[in-house]
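Input: a single structure, listed below in structure tokens.
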Amino acid sequence: MKKIENLECKNLIGEEVILFGFVDSVRDHGKIIFFDLRDRSGIVQIVVDQTSKDFELAKKIKSEFVLKIKGKVRERPPHLINPDLETGKVEVVADSIEILSQAEVLPFDVSTTGYEIDEALRLKYRYLDLRRRRLQKNLIKRHKVLLFFRNYLSSRGFIEIETPILTKSTPEGARDFLVPSRLFPGKFYALPQSPQQYKQLLMVAGFERYFQIARCLRDEDPRGDRQPEFTQLDMEMSYVTRDDVLDFIEEMFIEMVETLYPEKKITYKPFPRISYEEAIRIYGSDKPDLRKDPNNPNELAFAFIIDFPMFEWKETENRWDAVHHPFTQPKLPDGRKDKEELLRALETSPEILLSEQYDFVCNGYEIGGGSIRTTDPEILIKVFETMGNKREDIIKKFGHLLQAFSFGVPPHGGIAPGIDRIMMILENEPNIREVIAFPKTGEGRDLMMEIPSEVEEEQLKELKIKVEKEEN
Ligand code: ASP
């Protein structure tokens with residue numbers, strides 16, 4: 001006989017069942033013992049009385065023990081129905097009980113939402129924290145959302161392609177995490193801030209439509225609700241205009257919400273497309289909260305922000321930096337396509353240039369960004385120069401991409417919605433850690449594994465790395 005899910009019991013009155021799960025709670029009335037047995041599907045009440053051959057064993061059972069129960073489902077008498085439980089009209093009379101694992105007393109209660117518990121303690125025992133219903137639901141929902149995107153994109157001709165984790169620095173505005181090479185001492189890989197260059201190279205390779213559920217790694221200073229690694233639904237398409245990309249994303253998100261979150265209301269369809277200038281002027285933000293009623297947890301006000309400036313002045317570094325990233329196509333403020341004039345403006349007045357960047361926003365959060373890319377090597381080199389790079393450095397860092405573009409390159413663009421933020425909004429959670437299985441703290445520490453951690457002297461020797469001890 002196979003494992004029956006606890007929730008199925010409600011439709012199995014009179015049947016013999018085998019159940020597996022954790023003990024959620026125990027109520028010992030002396031001659032009769034009740035437990036709530038919890039599995040992934042939910043809770044069902046188990047009754048053990050003196051007629052059971054395992055009655056004595058049942059007396060030893062405590063919360064969070066793992067059990068196998070054989071028994072018979074029966075209807076509860078009307079006055080004992082528990083309306084708070086989905087299986088509240090039935091209970092299972094245990095005939096035999098097997099203790100599969102005992103459990104120490106847990107460091108915290110897993111039957112509540114968990115918001116009331118110190119987060120550091122929750123993260124230290126994350127595998128227990130994840131037993132709580134709210135987090136189980138969040139991760140199961142996340143799985144469904146990712147599966148939806150995978151199926152949606154596959155059915156529309158997108159190919160899922162993995163790109164390297166050990167790679168070369170790609171500027172996305174953060175610091176790189178570096179990995180030392182043992183075989184080439186003194187040389188380093190960088191962990192990808194995004195698959196940006198690889199996905200563009202896949203367009204050069206002729207794949208036309210790519211996606212990947214991609215992990216991005218950015219060594220940023222602790223800043224609010226950030227994680228050093230996060231997940232993007234990374235996409236790139238050939239032969240598209242900005243509006244093709246935005247139309248596609250809009251349709252995909254509407255269908256995802258209608259399929260998986262039918263209780264949610266999308267405020268504006270189609271999603272408004274607001275210029276950066278207008279967003280700042282009217283809302284004072286490039287990620288405006290356009291909800292009609294911000295207290296309504298089921299409202300989703302999606303919008304696109306377009307026509308960003310290409311560059312912003314970086315005071316600390318005394319140079320221009322790309323607002324999105326340097327691969328974004330710059331454009332003249334009036335939209336004219338005049339290459340000579342564009343090159344001139346890049347040299348003399350970068351501040352006037354707009355770009356083909358678009359941001360995807362929802363309820364006051366940026367949930368994704370993308371752009372149509374520069375495929376003309378001459379313009380790309382000029383953009384890098386405007387950002388303060390010397391020609392020989394540009395060739396050293398990006399020569400592969402520039403060369404690739406010299407062999408025939410389809411016009412292309414893409415976008416990368418951030419899955420953690422999207423799940424946070426959909427699940428009405430206060431931060432992204434609540435929708436990530438094993439998140440790090442704001443300072444990038446994993447309190448369960450205790451990382452970052454020191455490594456063996458031997459390992460450092462192999463890598464020819466000497467660690468300078470911090471002086472006190
Ligand atoms: N790589 C970009 C990012 O991470 C997204 C894109 O331009 O497609 O923001």
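The values are calculated or read from the model by the stated rules, or taken from the named source; none is laboratory data. Source: prediction; values computed, not measured. We place every Cβ from the backbone using ideal geometry, glycine too, and count neighbours over all the protein chains shown. The accessibility values were calculated without ligands, DNA or RNA, using every heavy atom of the protein model including side chains. Shrake-Rupley method; radii C 1.70, N 1.55, O 1.52, S 1.80 Å.
For region 288-385, how many pairs of lysine residues have a Cα-Cα distance under 20 Å, where the two are 8 or more positions apart or belong to different chains? Write down the numbers at each step before the final one.
On the way: Lys314/Lys382; Lys331/Lys339; Lys331/Lys382; Lys337/Lys382; Lys339/Lys382.
The number of close lysine pairs in region 288-385 is 5.
Is there a quick way to get the dipole size of region 316-412? I mean about its Cα centre, with the Cβ of Lys and Arg at +1 and of Asp and Glu at -1; what is the value in debye to the nearest 20?
On the way: 12 positive and 16 negative charges, 56 e Å.
The calculated dipole for region 316-412 is roughly 280 debye.
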Label-point separation in nm, Tyr239 to His143, each point 7 Å along Cα→Cβ: 3.8
Under Karplus coefficients 6.51, -1.76 and 1.60, residue-wise ³J(HN,Hα) of region 68-73 in Hz, glycine/proline x: 10, 10, 10, x, 10, 7
Dipole of the chain, positive end: most advanced residue of Val105, Gly173, Val48 [Cβ charges, Cα centre]: Val48
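Within 10 Å of each candidate Cβ there may be at most 11 other Cβ atoms; applying that plus a DSSP loop requirement, which GluC sites (Glu not before Pro) in region 252-322 survive? Intermediate values should be presented prior to the final figure.
Numbers: sites: Glu255, Glu258, Glu263, Glu277, Glu278, Glu299, Glu312, Glu315, Glu317; in loops: Glu263, Glu315, Glu317.
Sparse-neighbourhood loop GluC sites (Glu not before Pro): Glu263, Glu315, Glu317.
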Furthest towards positive pole of dipole, Gly413, Leu342, Phe20, structure part the chain, Cβ charges: Phe20
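For the chain, with all protein chains present and a 1.4 Å probe, just round the carbon and sulfur fraction of the accessible area to a whole percent. Mind showing how you got there, number by number?
Working: 12770 of 24880 Å².
Ligands and nucleic acids excluded, carbon and sulfur give 51 percent.
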Region 237-340: trypsin sites (Lys or Arg not before Pro) falling in loop per DSSP and having at most 14 other Cβ within 10 Å: Lys292, Arg336, Lys337
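Students often check this: by mean Cβ neighbours within 10 Å, which of 371-379, 413-421 ranks highest, and how do the rest follow?
Working: 371-379: 19.2, 413-421: 23.2.
Per-residue Cβ counts within 10 Å, averaged per peptide and sorted highest first, yield 413-421, 371-379.
Where does the charge balance sit around Lys269 when Lys and Arg score +1, Asp and Glu -1, over other residues with C-beta under 14 Å from its C-beta? Display every interim value, and only then the final one.
On the way: positive: Lys264, Lys265, Arg273, Lys292; negative: Asp247, Glu250, Glu251, Glu255, Glu258, Glu299.
The answer is -2.
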Hits among lysines - C-alpha to C-alpha of Lys466 under 21 Å, sequence gap 8 or more where chains match: Lys187
Where chymotrypsin sites (Phe, Trp or Tyr not before Pro) fall in DSSP loop in region 388-472, at most 15 other Cβ within 10 Å: Phe407
Accessible area expressed per residue, region 320-449, with surrounding protein chains retained (probe 1.4 Å, Å²): 40
The chain: antiparallel DSSP beta bridges as a percent of all, rounded to 5: 90
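For the pairs Lys31/Lys70; Lys199/Lys264; Lys390/Lys464; Lys199/Lys440, note any where the Cα-Cα span goes beyond 22 Å. Write down the numbers at each step before the final one.
On the way: Lys31/Lys70 20 Å; Lys199/Lys264 33 Å; Lys390/Lys464 31 Å; Lys199/Lys440 27 Å.
Pairs exceeding the cut-off: Lys199/Lys264; Lys390/Lys464; Lys199/Lys440.
Compute the Kirkwood hydrodynamic radius of the chain, taking the inverse of the mean of 1/r over all pairs of distinct Cα atoms, and give it in Å to one decimal. The partial results should precede the final answer.
Working: mean 1/r = 0.0383 Å⁻¹.
By the Kirkwood definition, the hydrodynamic radius is 26.1 Å.
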Cα-centred dipole magnitude for the chain, charges only on beta-carbon of K, R (+1) and D, E (-1), debye, nearest 20: 1180
Cα-only Debye scattering, region 10-52: base-10 log of I(q)/I(0) at q = 0.14, 0.16, 0.31, 0.33 Å⁻¹: -0.36, -0.47, -1.14, -1.16
